[in-house]
1. Of all the residues that make up region 48-68, how many are touching a residue at least 60 places away in the same chain (Cβ under 8 Å) and surrounded by 14 or more Cβ atoms within 10 Å (Cβ to Cβ)?
2. Can you name the condition, by its number, that residue 168 falls short on among (1) closer than 25 Å to residue 70 by Cα; (2) touching a residue at least 12 places away in the same chain (Cβ under 8 Å)?
3. Could you grab me the full set of residues in region 101-116 that are more than 23 Å from residue 148 (Cβ to Cβ) and either in a strand (DSSP E or B) or in contact with a helix residue (DSSP H, G or I) (Cβ under 6 Å, 6 or more places away or on another chain) (or both)?
4. Restricting to region 137-153, count the residues that are assigned to a loop (DSSP other than H, G, I, E, B), touching a residue at least 24 places away in the same chain (Cβ under 8 Å) and more than 15 Å from residue 29 (Cα to Cα).
5. Tell me whether region 76-95 contains one or more residues that are more than 13 Å from the chain's Cα centre (by Cα), at pLDDT 95 or above, closer than 15 Å to residue 176 by Cα and outside any strand (DSSP E or B).
6. Between 114, 106, which is over 19 Å from residue 159 (Cα atoms), crowded, with 17+ Cβ neighbours inside 10 Å and at pLDDT 95 or above?
7. Taking residue 71, is it surrounded by fewer than 16 Cβ atoms within 10 Å (Cβ to Cβ) and in contact with a strand residue (DSSP E or B) (Cβ under 7 Å, 6 or more places away or on another chain)?
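The values are calculated or read from the model by the stated rules, or taken from the named source; none is laboratory data. It should be emphasised that the depicted structure is a prediction, and the values quoted were computed from it without experimental measurement. So basically every Cβ, Gly included, is an ideal-geometry build from the backbone, and we count neighbours across all protein chains shown.
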């Protein structure tokens, strides 16, 4: 009898600690997953086409369970265009339906490297991720001129281009897909 009570007390204590412990991942899910394992995209922002393609390759190499595939405008589920404020971006979160093209806006006026990181962030929204405001992640709402997201240790732009996604971004996308 005594050992069963001890086991029960220990189990309750561990459960309480688990409820109070911070999560190892803090990503925010904000949209529906894409149903087919692939997301077709077209870049109408001609000057940023190579940066957008690089962002797609970054997500594709991450093996999160869905692939970005470049296509013509007519067949694209996602259309990337210029729009918004300088060096900023905007995108719907997740799959918005088969009958509508999902727009992604990239603010003009930044160098290609920062546009790449902005496109990585916006493609994170396309995948269904929301802004993460607790831990270091590409999905933080903002990053500085070196590409460092707001909750991350400052590093040079070359570092962020080589390591654009944080573990939280990857965990979130893999959980969705």
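1. Counting residues in region 48-68 that are touching a residue at least 60 places away in the same chain (Cβ under 8 Å) and surrounded by 14 or more Cβ atoms within 10 Å (Cβ to Cβ) gives 12.
2. Condition not satisfied by residue 168: (1).
3. 102, 103, listed by residue number.
4. Count: 2.
5. Looking through region 76-95, at least one residue is more than 13 Å from the chain's Cα centre (by Cα), at pLDDT 95 or above, closer than 15 Å to residue 176 by Cα and outside any strand (DSSP E or B).
6. 106 is the lone residue from the list that is over 19 Å from residue 159 (Cα atoms), crowded, with 17+ Cβ neighbours inside 10 Å and at pLDDT 95 or above.
7. Considered against the rule, which asks whether it is surrounded by fewer than 16 Cβ atoms within 10 Å (Cβ to Cβ) and in contact with a strand residue (DSSP E or B) (Cβ under 7 Å, 6 or more places away or on another chain), residue 71 comes out as yes.
Residue-by-condition table, conditions (1) part of a helix (DSSP H, G or I); (2) at pLDDT 95 or above; (3) touching a strand residue (DSSP E or B) at 6+ places or on another chain (Cβ under 8 Å); (4) farther than 23 Å from residue 28 by Cα:
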site	(1), (2), (3), (4)
99	no, no, no, yes
120	yes, yes, no, no
135	no, yes, no, no
155	no, yes, no, yes
164	no, yes, no, no
170	yes, yes, no, no
